[in-house]
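This report refers to the structure that appears directly beneath it.
The values are calculated or read from the model by the stated rules, or taken from the named source; none is laboratory data. Since this is a predicted model, take the numbers as computed values, not measurements. Every residue, glycine as well, gets a Cβ built from its backbone with ideal geometry; the counts of neighbours run over all protein chains shown. Side chains are part of the model used for accessible areas, which takes the heavy atoms of the whole protein and leaves out ligands, DNA and RNA. Shrake-Rupley method; radii C 1.70, N 1.55, O 1.52, S 1.80 Å.
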Amino acid sequence: MEQRRLGSSSLSIPPLVFGGNVLGWSADEATSFKLLDRLVEAGLTAIDTADVYSRWVPGHQGGESETIIGRWLKKRGKRDDLVIMTKVGMEMPGRGQGLSPAWIKRSVEDSLQRLQTDYIDLYQAHRDDPKTPLSETLGTFGDLIKSGKVRAIGASNYTAPRLEEAMTTSRANNLPAYVSLQPHYNLVERPVYEDALEATCQKHKLGVIPYYSLASGFLTGKYRSKADLGKSAARGGSVAKYLDGKGPKVLAALDGVAKQTASTPTQVSLAWLMARPSITAPIASASKPEQLNDLVKAATLKLSAAQIAAVTAASAA
């Protein structure tokens, strides 16, 4: 499997990262173990999660995804061939939120305990915390790196100005800097990243690992009409907005390229992201082992310049 350097860090990851939000949510523990085993067998060794996954499920408090990964790691017995990414900053119900030194220090210990590991490869600020000075947040991350609990740090959901400010703060105060950004980016959600964030990431040589790479499933081709929205109670409502505007045009382009390459819309969508120079590796999930085939094949699918152009044109704002 191809390996790509994540920004300026020492971390190398495959061209696709597995999204662990499904673990303990739409995939129970037994299924999660099967998913993780098959991913590693295929060479997809980077796993992204967060402390809050999956607090949105009734009865969950957050930490469920990390806990399952931890149990799997303990059973598997090997750790160094994996890149485990997790996050801090979103509200953990009844416990806290943000990027203050005290909360980061507490949260990292909780995550390490749930993951049953001594270190986190990429520890990410899940969202900006304007109430805490960036120097305090970055200084605390720096302490974690010095202690060996974290190898590198990244940002998620930052605006371009705040990301620029964070990079400037690191340089001015001799603090560790973010090596990556995790933005919302896919074929039907292009402007937010491309209009400002992309240039900032390229300026600072940041790795980019976008989430919602398949637009909550819309880009798989599963939802093509209002009648299809009932196929998923969890995601049907969130993809309805894509049925109008450029959405159908994007699906048509994906269908065309999929036919040319003997692949699927899912594979083409992810391959398009992987082919963009500024993108290191998109994040994508699967809740069933049989869905992993698309992810594995996407990681090696190479689109021609003409195929990339066709999809890009169809998805233009």
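Hey, among the residues in region 131-170 that are in contact with a helix residue (DSSP H, G or I) (Cβ under 9 Å, 6 or more places away or on another chain) and in a strand (DSSP E or B), which one's nearest to Tyr193 (Cα to Cα)?
The selected residue is Ala155.
Can you confirm whether Ser107 is in contact (Cβ under 8 Å) with a residue 12 or more places away in the chain, assigned to a helix (DSSP H, G or I) and either in contact with a strand residue (DSSP E or B) (Cβ under 9 Å, 6 or more places away or on another chain) or open to solvent by 10 Å² or more (accessible area, probe 1.4 Å) (or both)?
Numbers: in contact (Cβ under 8 Å) with a residue 12 or more places away in the chain: yes; assigned to a helix (DSSP H, G or I): yes; either in contact with a strand residue (DSSP E or B) (Cβ under 9 Å, 6 or more places away or on another chain) or open to solvent by 10 Å² or more (accessible area, probe 1.4 Å) (or both): yes.
Yes.
Checking Leu181 against (1) under 17 Å from Pro282 (Cα atoms); (2) open to solvent by less than 40 Å² (accessible area, probe 1.4 Å); (3) of a type outside the set (Phe, Trp, Tyr); (4) part of a helix (DSSP H, G or I), which test does it fail?
Only one criterion in (1) under 17 Å from Pro282 (Cα atoms); (2) open to solvent by less than 40 Å² (accessible area, probe 1.4 Å); (3) of a type outside the set (Phe, Trp, Tyr); (4) part of a helix (DSSP H, G or I) is unmet by Leu181, namely (4).
Can you say whether Lys131 is within 29 Å of Gly77 (Cβ to Cβ), modelled with pLDDT of 95 or more, more than 22 Å from the chain's Cα centre (by Cα) and open to solvent by 10 Å² or more (accessible area, probe 1.4 Å), as far as the supplied structure shows?
Details: within 29 Å of Gly77 (Cβ to Cβ): no; modelled with pLDDT of 95 or more: yes; more than 22 Å from the chain's Cα centre (by Cα): yes; open to solvent by 10 Å² or more (accessible area, probe 1.4 Å): yes.
When the stated conditions are applied, Lys131 does not pass them.
So how many residues does region 243-268 have that are free of Cβ contacts under 8 Å to residues at least 40 places away in the same chain and hydrophobic (A, V, I, L, M, F, W, C)?
Result for region 243-268: 4.
Pro58 fails exactly one of the following numbered conditions: (1) modelled with pLDDT under 95; (2) under 30 Å from Ala42 (Cβ atoms). What is the number of that condition?
(2) is the only condition that Pro58 fails.
Does any residue of region 210-221 turn out to be more than 21 Å from Ala286 (Cα to Cα) and surrounded by 15 or more Cβ atoms within 10 Å (Cβ to Cβ)? Write out each step before concluding.
First, pick out the residues of region 210-221 that are more than 21 Å from Ala286 (Cα to Cα): none.
Looking for residues that are more than 21 Å from Ala286 (Cα to Cα) and surrounded by 15 or more Cβ atoms within 10 Å (Cβ to Cβ), one finds none in region 210-221, hence no.
Take the residues in region 1-30 that are in contact with a helix residue (DSSP H, G or I) (Cβ under 7 Å, 6 or more places away or on another chain), assigned to a helix (DSSP H, G or I) and open to solvent by 10 Å² or more (accessible area, probe 1.4 Å), then tell me which one is farthest from Lys302 (Cα to Cα).
Applying the filter and picking the extreme gives Glu29.
Under 9 Å between Cβ atoms, which residue pairs at least 6 apart in sequence (or on different chains) link something in region 298-317 that is over 28 Å from Ala42 (Cβ atoms) with a partner that is surrounded by fewer than 20 Cβ atoms within 10 Å (Cβ to Cβ) and hydroxyl-bearing (Ser, Thr, Tyr)?
none
For region 146-155, does any single residue satisfy the condition of being at negative phi, open to solvent by 20 Å² or more (accessible area, probe 1.4 Å) and touching a residue at least 60 places away in the same chain (Cβ under 8 Å)?
If we filter region 146-155 for residues that are at negative phi, which is where we start, we get 146-147, 149-155.
If we keep only those that are open to solvent by 20 Å² or more (accessible area, probe 1.4 Å) too, we end up with 146-147, 149, 151.
Narrowing further to those that are touching a residue at least 60 places away in the same chain (Cβ under 8 Å): 151.
Within region 146-155, one or more residues are at negative phi, open to solvent by 20 Å² or more (accessible area, probe 1.4 Å) and touching a residue at least 60 places away in the same chain (Cβ under 8 Å).
If only one of Gly98, Gly77, Gly89 is farther than 25 Å from Phe33 by Cβ, free of Cβ contacts under 8 Å to residues at least 40 places away in the same chain and of a type in the set (Gly, Ala, Ser), which one is it? Lay out the reasoning, then the answer.
Details: Gly77 fails: farther than 25 Å from Phe33 by Cβ; Gly89 fails: free of Cβ contacts under 8 Å to residues at least 40 places away in the same chain.
The match here is Gly98.
Report whether or not Asp121 is modelled with pLDDT under 95 and within 23 Å of Gly207 (Cα to Cα).
On the way: modelled with pLDDT under 95: no; within 23 Å of Gly207 (Cα to Cα): yes.
Judged against the criteria, Asp121 is not a match.
Pairs please, first residue from region 1-17 and farther than 18 Å from Ala284 by Cβ, second anywhere and charged (D, E, K, R) and assigned to a loop (DSSP other than H, G, I, E, B), Cβ atoms under 7 Å, 6+ apart in sequence or on different chains.
Pairs that qualify, where the first residue is farther than 18 Å from Ala284 by Cβ and the partner is charged (D, E, K, R) and assigned to a loop (DSSP other than H, G, I, E, B), are Gly7/Lys205; Ser8/Lys205.
Being surrounded by fewer than 18 Cβ atoms within 10 Å (Cβ to Cβ), out of contact with any Phe, Trp or Tyr (no Cβ under 7 Å at 6 or more places or on another chain) and hydrophobic (A, V, I, L, M, F, W, C) is the filter here; which residues of region 268-309 pass it?
Answer for region 268-309, where residues must be surrounded by fewer than 18 Cβ atoms within 10 Å (Cβ to Cβ), out of contact with any Phe, Trp or Tyr (no Cβ under 7 Å at 6 or more places or on another chain) and hydrophobic (A, V, I, L, M, F, W, C): Ala305, Ala306, Ala309.
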